[in-house]
Amino acid sequence: MISKTMQDAINDQINKETFSSYLYLSMAAWFEGQNLPGFGNWLRLQAEEEREHAMKLYDHLLERGGKVQLKAIAAPQTEWKNALEAVTEVLAHEQKVTKSIHDLYETAQTEKDYPAQVMLHWFISEQVEEEASAAAILENMQRIEARDTAILMLDHRLSKRSAE
């Protein structure tokens, strides 16, 4: 059986992952409204990944006899000054999620919850990948900041990404 402390912490992370999905879907809508469907595609896929992360945590709680307690999801931002600002926010948000996963892992260590620690290893590795991906896109954006045609080339590349 999972401890109440661990159950509450995982429920909080489910909420954070669900918010991440909602935020990325909001960003996808904004990019698509800016006629940048490649960025929209990338962020739709990111939104789906975040929903899957929430469901991994959801399933873990249920498998351990815990109680899933869904909470209200905060409304995400819907407007950005430009594409660079939005992508900068993606990286900052991924860094925030990484910290949250690390905090959750520390709770699992304190609670001596070994099954949660094992499950969270996947999330820790996933966050390395998520941050690296967002950082690479942001770096490309910074390189091409003043050249709108280059943004269109990056948009085209992002449109080719598919769920893996």
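The values are calculated or read from the model by the stated rules, or taken from the named source; none is laboratory data. Since this is a predicted model, take the numbers as computed values, not measurements. Glycine gets a Cβ as well: all are built from the backbone with ideal geometry, and neighbour counts include every protein chain shown.
Inside segment 40-159, counting only helices (runs of 4 or more DSSP H) that do not spill past its ends, which hold 3 or more residues that are surrounded by fewer than 17 Cβ atoms within 10 Å (Cβ to Cβ) and modelled with pLDDT of 95 or more? If you could, list the steps in order and put the result at the bottom.
Numbers: elements: 83-110, 114-143, 148-159.
Where helices (runs of 4 or more DSSP H) fall fully within segment 40-159 and carry at least 3 residues being surrounded by fewer than 17 Cβ atoms within 10 Å (Cβ to Cβ) and modelled with pLDDT of 95 or more, they are 83-110, 114-143.
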Review point. Quick one: is THR5 assigned to a loop (DSSP other than H, G, I, E, B), β-branched (Val, Ile, Thr) and surrounded by fewer than 19 Cβ atoms within 10 Å (Cβ to Cβ)?
Key: no
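Taking segment 16-39 only, how many residues are assigned to a helix (DSSP H, G or I) and surrounded by fewer than 18 Cβ atoms within 10 Å (Cβ to Cβ)? Quick ask: steps written out before the conclusion?
Taking segment 16-39 and keeping what is assigned to a helix (DSSP H, G or I), we get 16-33, 37-39.
Next, only the ones that are surrounded by fewer than 18 Cβ atoms within 10 Å (Cβ to Cβ) stay: 22, 29, 32-33, 37.
Total meeting the criteria: 5.
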Review point. Using beta carbons and a limit of 7 Å, which pairs, at least six apart or on different chains, have the first residue in segment 11-25 and without any contact (Cβ under 8 Å) to a residue 40 or more places away in the chain and on the phi > 0 side of the Ramachandran plot and the second one acidic (Asp, Glu) and surrounded by fewer than 21 Cβ atoms within 10 Å (Cβ to Cβ)?
Key: none
Exercise for review: Tell me which residues, restricted to segment 46-66, are farther than 11 Å from GLU17 by Cα and among the charged types (D, E, K, R).
Suggested key: ASP59, GLU63, ARG64
Exercise for review: Answer yes or no as to whether ILE10 is of a type in the set (A, V, I, L, M), within 30 Å of GLU106 (Cα to Cα) and assigned to a helix (DSSP H, G or I).
Suggested key: yes
